[in-house]
Amino acid sequence: MLADFFNYKSPYRVENYTELEMYKLSTLEYILPILFVFVSAVLLIYFRNYFRNNEKRDKNVRLYAGVVFVVIYLSHYVFRFALYGFDTIVLPFQLCSISMFLAIILIITKSRTIHSFVLYTGVLGGLISLFIPVYLNDSSYYRYYQYVLAHSLLILTPIYFMAVHDYIPSKKETIYGFLILQTIATFMVIFNYFMGTDFMFVFINADKIEKFPVIENFGGIPLYLLWVEIVGITIYTIAYNLIRVVIKINKKYKIL
């Protein structure tokens, strides 16, 4: 039934997950999204000149991708709002949600600074989300397709701009992207403190230790935030240098 297909119950709304009918993804349902992203990324890079040398094609692909992205992105919150009404959980304050919003802005504005942010947070966050999915629905539900397509577009958008528009992040742009992340994280610490939420897993509320006991292994609250900063800087540094290495290898051996 159509109503079952659009069942959008959230696992975070129940005390016991057994209250929801849980589904285990088949091997095909798990692998196909990852394979789709990988093949799409390779094709975007290989056929980059097809879009690069034709402004109309570039505008069209950004237009269509942008429209699909907006619909997929908004549908998640529309369904959640229709089911649960408005509260803090409905807010798009997780890092992937913020990255998706900025990826849509990137498609429209072609901002290099926004691209730097989306490249580092979106690609990594999107890949983690596909490799370790956090939804309960299999392919018989809309949520499966919404989740897969939204995170696929999040990954492919900055890759498209790298391949077609030569948006290779400089050291300065990488720093700007990291500063955007710091600004957002600072806001979320304040928001989480006053609202009792845990968006982006950055908070100074002592009671959160009961929900995330693993934080004790990293010095507890708020000391664990220092480790979060160290991890963030390390990821940006590794990613920046890895991109440079891959570009040099490709230029030398003409792999793509």
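The values are calculated or read from the model by the stated rules, or taken from the named source; none is laboratory data. Just so it is clear, the structure is predicted and the values come from calculations on it, not from any experiment. Cβ atoms come from the backbone with ideal geometry, glycine included; neighbour counts cover every protein chain shown.
Below, the figures for the structure above:
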{"item": "Residues of the stretch 64-104 satisfying the condition of being farther than 30 Å from Phe51 by Cβ and under 14 Å from the mean Cα position of the chain (by Cα)", "result": "Phe93, Gln94"}
{"item": "Scope the stretch 105-125; condition under 8 Å from the mean Cα position of the chain (by Cα) and among the small types (Gly, Ala, Ser); matching residues", "result": "Gly122, Gly125"}
{"item": "Near pairs, Cβ below 8 angstrom, 6+ apart or cross-chain, from the stretch 113-135 (not assigned by TED's automatic domain parsing to the domain that holds Leu179 and crowded, with 19+ Cβ neighbours inside 10 Å) to any residue that is part of a helix (DSSP H, G or I) and of a type in the set (Asp, Glu)", "result": "His115/Glu173; Ser116/Glu173"}
{"item": "Failed item in (1) within 26 Å of Asn241 (Cβ to Cβ); (2) in the same structural domain as Asn205 (by TED's automatic domain parsing); (3) in contact (Cβ under 8 Å) with a residue 40 or more places away in the chain, with Pro158 passing the rest", "result": "(2)"}
{"item": "Hey, Asn217 in contact with a Gly (Cβ under 7 Å, 6 or more places away or on another chain) and outside the structural domain of Ser75 (by TED's automatic domain parsing) or not", "result": "no"}
{"item": "Ile45 being modelled with pLDDT of 90 or more and surrounded by fewer than 15 Cβ atoms within 10 Å (Cβ to Cβ)", "result": "no"}
{"item": "Single match in Ile233, Ile238, Ile221, Ile247 (criterion: among the hydrophobic types (A, V, I, L, M, F, W, C), exposed (fewer than 13 other Cβ atoms within 10 Å of the Cβ) and more than 23 Å from the chain's Cα centre (by Cα))", "result": "Ile247"}
{"item": "Unmet criterion (only one of (1) more than 21 Å from Tyr77 (Cα to Cα); (2) outside any helix (DSSP H, G or I)) for Ser139", "result": "(1)"}
{"item": "Of all residues in the stretch 178-195 being over 20 Å from Gly122 (Cβ atoms) and in contact (Cβ under 8 Å) with a residue 40 or more places away in the chain, the one that is surrounded by the most Cβ atoms within 10 Å (Cβ to Cβ)", "result": "Phe191"}
